[in-house]
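Heads up: the structure comes next, in structure tokens.
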Amino acid sequence: MSDSSLRLVWVYPDLLSTYGDQGNALVVERRARQRGLDVARVDVRSDQPLPTSGDIYLIGGGEDRPQRLAAERLRRDGGLSRAVSNGAIVFSVCAGYQILGHEFINDLGEREPGLGLLDVVSTRGEGERCVGDVLADIDSRLGLPPLTGFENHQGITHLGPTARPFAKVRFGNGNGTGDGFEGAYNDTVFGTYMHGPVLARNPLIADLLLKLALDVNALPPVDDRWYEALREERISAATQPA
Amino acid sequence: MAGAGNAEPLSPRAKLAVTAGKAAAAVSRAAGRGSGSVIGGKVALRLDPDLLARLARHLDVVLVSATNGKTTTTRLIAEALRASGQVVSNALGANMPAGITSALAGGSEARFGVIEVDEKYLAGVARDTTPKAIALLNLSRDQLDRAAETRMLAEKWREGLSGTKAVVIANCDDPLIVWAASSSPNVVWVAAGQEWKDDAWSCPSCGGVLQRPGEDWMCGECGFRRPIPSWALNGDFVLDPHGSAWPIHLQLPGRANKANATTSAAVAAHFGVPPQVALERMYQVQAVAGRYDVISFQGREMRLLLAKNPAGWLETFSLIDPPPTPVILSVNARGADGTDTSWLWDVDYTRLAGHPICVIGDRRLDLAVRLEVAGLDFRVCETVDEAVQLCPPGRIETIANYTAFQDLRRRVGN
Ligand SMILES: [Zn+2]
């Protein structure tokens with residue numbers, strides 16, 4: 001990869017790619033290329049060392065056992081934490097979101113340590129799984145339009161004092177804590193329960209990741225016609241009773 | 001002996017259950033509520049919960065399960081076994097216990113029961129029907145918002161099939177299938193191939209990363225590895241355990257159906273039908289519940305292809321005619337499809353580059369964004385009629401998921 005290219009790292013597709021999570025990588029890659037950027041995308045399997053020089057890291061969701069294996073291997077590898085201290089951007093969903101926190105409940109019902117890159121702790125809900133379309137307002141500091149997504153999780157995620165809620169739900173469950181918060185972020189590390197995949201329904205979040213990575217305030221516009229049409233349809237679906 | 005149809009008569013209670021079930025099915029049909037087979041089976045099962053076991057007792061039962069290809073393989077096996085006796089089968093794909101009961105109730109003279117089973121019910125149906133053979137084809141992600149996790153399913157099969165008296169005829173190229181089957185005492189391995197690999201990078205036994213040099217696969221950590229097959233699909237040929245190669249001639253298209261034919265030949269051989277005879281009979285199968293059918297519609301020839309999950313779409317892309325043949329894609333996300341469309345992002349749509357593409361269906365906007373990100377040209381249409389009008393006369397490849405496929409069949413009159 002050349003020095004001038006944007007380095008996009010997709011973390012552990014062998015373990016964390018259950019809900020079309022590759023879509024998040026495809027959307028970021030596409031929107032970067034549409035802006036004329038040279039993109040080097042690296043898919044890193046869980047038996048390979050994680051590069052520490054990436055600009056954007058994407059982490060997907062997974063089933064319970066792969067989630068535990070991914071957490072074990074990421075802790076052992078240590079590369080993601082080094083990348084974050086170098087200023088890398090991380091965007092994670094579902095199981096990946098939980099792994100970035102301090103701890104979560106693993107497939108054996110035990111407390112599994114995460115990476116501590118997000119100030120959150122996850123537990124498992126007792127009730128029904130949270131499944132369905134979600135509509136939420138993203139933290140106004142981020143300057144983004146409403147979040148539309150699809151959630152499917154049993155987990156509940158509590159935010160610690162330094163984490164900011166990524167969004168506040170209007171329809172749906174989000175973090176499942178009852179306060180309406182959805183997702184979390186600490187500086188350049190983001191986590192959400194939305195898959196779908198979420199960046200296909202929220203291309204401006206992909207653009208935010210690009211802007212943070214490139215350290216710019218604006219990007220040239222691209223044709224968002226189909227994204228806009230899909231957003232409108234899904235927002236209307238989320239606000240109607242099933 | 002098993003070949004003479006019913007060796008012992010059904011009990012009065014079972015007979016009543018069969019009769020009541022048939023009456024309910026007839027009422028359901030008359031009321032225009034589908035084929036009636038499921039409701040008939042439900043009524044019959046309620047009257048006699050052991051009915052499935054009792055109906056199966058008189059049959060040489062073959063069970064077929066998989067994520068993809070089970071309906072077609074059930075049909076191929078049924079055709080092959082007709083060489084040696086009457087067959088009763090749930091040919092229309094009603095593959096849960098009620099539908100299976102209903103299908104078996106209609107075959108009192110049969111020697112063989114060839115039964116497609118929904119993945120979630122395999123262990124239970126295997127317990128109830130005491131099968132002679134169980135064919136296991138593949139397991140991959142499917143309808144994730146409602147189905148069990150894929151590996152959990154393999155685990156359930158593994159527990160349910162341990163100690164089974166059936167010979168298990170299983171695909172050695174799918175690590176999840178091997179994990180599920182290898183608890184059985186008697187397995188015949190078939191190298192049927194696996195195009196979709198993204199659900200099997202992680203060792204089902206220990207969680208290690210699987211190594212996949214060429215066609216082989218192995219776990220570097222625990223030694224779990226691909227068994228040596230006794231049957232294999234090799235290009236257009238079936239290789240039998242003696243090393244003889246038998247040509248496959250199918251009207252059904254695609255590599256996946258050649259794989260299904262290979263497994264079916266192995267099943268047939270277990271019941272004494274030689275591969276040559278079995279494969280010749282399989283040629284008769286033209287379409288399966290509307291799938292692969294070519295329909296004349298508004299001056300075009302539409303081929304109807306069903307693809308319900310990423311592995312199914314991948315196999316379908318490999319069988320369609322090359323560009324410039326136009327392709328119509330239709331996706332819904334109703335209850336029977338799973339309400340989550342995220343799987344679209346696991347399908348490599350760049351394989352359609354060069355084809356004119358039209359998208360329809362309830363979730364055409366999800367498809368539109370997916371294709372836009374894949375960098376493809378496409379048109380979004382409201383209806384199949386509108387999409388067909390955009391295609392020149394000639395062949396159109398039409399690929400749809402479950403309820404979208406049913407919608408299409410209704411509209412184009414198949
Ligand atoms: Zn292993």
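Points to keep in mind about this one:
Per-residue answers, yes or no, for (1) at pLDDT 95 or above; (2) closer than 23 Å to A:LEU210 by Cβ:
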residue: A:LEU100; (1), (2): yes, yes
residue: A:LEU117; (1), (2): yes, yes
residue: A:GLY125; (1), (2): no, no
residue: A:PRO145; (1), (2): yes, yes
residue: A:THR157; (1), (2): yes, no
residue: A:PRO161; (1), (2): yes, no
residue: A:GLY172; (1), (2): no, no
residue: A:ASN175; (1), (2): yes, no
residue: A:GLY178; (1), (2): no, no
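- Of B:ALA265, B:ALA278, B:ALA261, all but one fail to be more than 14 Å from chain A (Cβ to nearest Cβ), away from the ligand (no atom under 16 Å from the Cβ), under 24 Å from B:SER183 (Cα atoms) and buried (at least 20 other Cβ atoms within 10 Å of the Cβ); the exception is B:ALA265.
- Among residues of the range B:219-241, those that are within 14 Å of chain A (Cβ to nearest Cβ) and either surrounded by 17 or more Cβ atoms within 10 Å (Cβ to Cβ) or away from the ligand (no atom under 13 Å from the Cβ) (or both), counted: 1
- From the options B:SER162, B:SER183, residue that is within 16 Å of the ligand (Cβ to nearest atom) and of a type in the set (Gly, Ala, Ser): B:SER183
- Subset of the range B:247-258 (residues that are part of a helix (DSSP H, G or I) and open to solvent by 50 Å² or more (accessible area, probe 1.4 Å)): B:ARG255, B:LYS258
- One residue alone among B:GLN194, B:GLN211 is within 16 Å of the ligand (Cβ to nearest atom) and farther than 25 Å from A:LEU108 by Cβ, and that residue is B:GLN211.
- All positions within the range B:219-246 that are charged (D, E, K, R) and either within 20 Å of B:VAL267 (Cβ to Cβ) or not in a strand (DSSP E or B) (or both): B:GLU221, B:ARG226, B:ASP236, B:ASP240
- In the range B:350-377, of all residues being facing another protein chain (nearest Cβ under 8 Å) and of a type outside the set (Val, Ile, Thr), the one that is nearest to B:GLY338 (Cα to Cα) corresponds to B:ASP366.
- When the range A:170-197 is filtered for residues that are over 17 Å from the mean Cα position of the chain (by Cα), more than 14 Å from chain B (Cβ to nearest Cβ) and open to solvent by 30 Å² or more (accessible area, probe 1.4 Å), the ones remaining, listed by number, are A:ARG170, A:PHE171, A:THR177, A:GLY178, A:ASP179.
- Screening B:ALA387, B:ALA368, B:ALA333 for residues that are part of a loop (DSSP other than H, G, I, E, B) and either small (Gly, Ala, Ser) or buried (at least 24 other Cβ atoms within 10 Å of the Cβ) (or both) leaves exactly one candidate, B:ALA333.
- For the criterion of being more than 10 Å from every other protein chain (Cβ to nearest Cβ), within 16 Å of the ligand (Cβ to nearest atom) and basic (Lys, Arg), B:ARG151 fails.
- Among the candidates A:GLY116, A:GLY101, A:GLY78, A:GLY54, the residue that is open to solvent by 30 Å² or more (accessible area, probe 1.4 Å), farther than 17 Å from A:PHE150 by Cα and more than 14 Å from every other protein chain (Cβ to nearest Cβ) is uniquely A:GLY116.
The values are calculated or read from the model by the stated rules, or taken from the named source; none is laboratory data. Quick caveat: nothing in here was measured; it's all calculated off a predicted structure. Quick reminder, even Gly has a Cβ in these numbers, built from the backbone with ideal geometry, and neighbours come from all protein chains shown. The accessibility values were calculated without ligands, DNA or RNA, using every heavy atom of the protein model including side chains. Shrake-Rupley method; radii C 1.70, N 1.55, O 1.52, S 1.80 Å.
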